[in-house]
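What follows is a single structure, written as structure tokens, with notes after it.
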Amino acid sequence: MRILKLILIALTLPAMAGCSAARLMIRYGDLDEQTAMSESVFLELRSDLPPTVYISEGSTAGREFTIRPTLDRNLKESGYTLVNSPDEATYIIQINHLRFAETELTGGQTMNDAIEAAWWAGAGAALVTDVLGAGDLAGEIGVGVGILAFIVDAQTKHLAHTLTTDVLVTESVPGRGEEGELRYHETQIVSAASKVNLKTSESIPAMIDGLSRSLAGLLPALPACASNCSAGGGQDPSGIRG
């Protein structure tokens with residue numbers, strides 16, 4: 001009978017070892033994207049100036065990517081016209097992707113979560129001890145469960161990727177003199193994506209989308225326009241002038 005119980009327990013050990021990984025997949029298996037801004041930016045809508053934008057993008061993040069196609073599309077859909085010279089722009093957006101980082105998320109848990117995690121990690125050895133009593137054979141199985149659980153858990157990680165971007169928006173304001181006045185607005189945007197076993201091929205497109213929406217949202221909303229807004233206010237269909 002002892003041998004039969006031992007066999008039954010041994011057959012259930014792989015499933016028990018994978019319980020922690022399964023729970024992680026259930027809670028964090030879907031991609032989650034968030035974007036946060038350090039400072040709000042308030043720009044004036046200038047009806048006396050054309051809704052033109054010049055964009056300058058740089059990167060020191062050590063990753064090869066650009067947000068221009070997505071950002072350009074968002075701006076054109078909002079009615080803005082992209083120009084190739086800052087001298088022609090009412091708004092200038094300068095961005096530098098400062099840092100890309102990967103972090104394993106293990107914090108932010110309640111005590112109940114920590115207790116439950118500890119339970120699943122030690123459940124195998126505890127179950128063997130309860131059924132069979134302490135002994136060399138039970139100890140060996142407990143060690144085996146611990147090793148198996150470690151291997152499964154090591155392959156299942158809740159990861160977060162973050163992209164930190166510095167932003168400088170220059171706003172042209174008519175005033176005294178021929179050139180008027182320039183106002184400068186600085187902020188920093190952090191785009192983040194998280195998921196179990198997250199890959200950059202998943203996180204970067206999601207972060208680019210969130211960052212582009214945030215940058216386009218910095219500019220004042222234009223009055224409702226016709227369907228040609230997406231073509232850059234009815235000018236050059238490419239949306240880029242100059």
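The numbers here are math on the coordinates, done by the rules we state, and not lab data. Owing to the predicted nature of the structure, the values given are computational and were not obtained by experimental measurement. We place every Cβ from the backbone using ideal geometry, glycine too, and count neighbours over all the protein chains shown.
Find the relative contact order for segment 28-84 and round it to a whole percent, using C-alpha pairs within less than 8 Å whose residues are 6+ positions apart.
It comes to 42 percent, rounded to a whole number.
If we count every other residue with Cβ under 14 angstrom of residue 220's Cβ, Lys/Arg +1 and Asp/Glu -1, where does the sum land?
Combined, the nearby Lys, Arg, Asp and Glu give -1.
Take residue 73 and residue 34, extend 7 Å from each Cα along the Cα→Cβ direction, and tell me the distance between the two endpoints in nm.
2.6 nm
List 53, 190 from most exposed to least, where exposure is judged by having the fewest other Cβ atoms within 10 Å.
If I rank by nearby Cβ atoms, fewest first, I get 190, 53.
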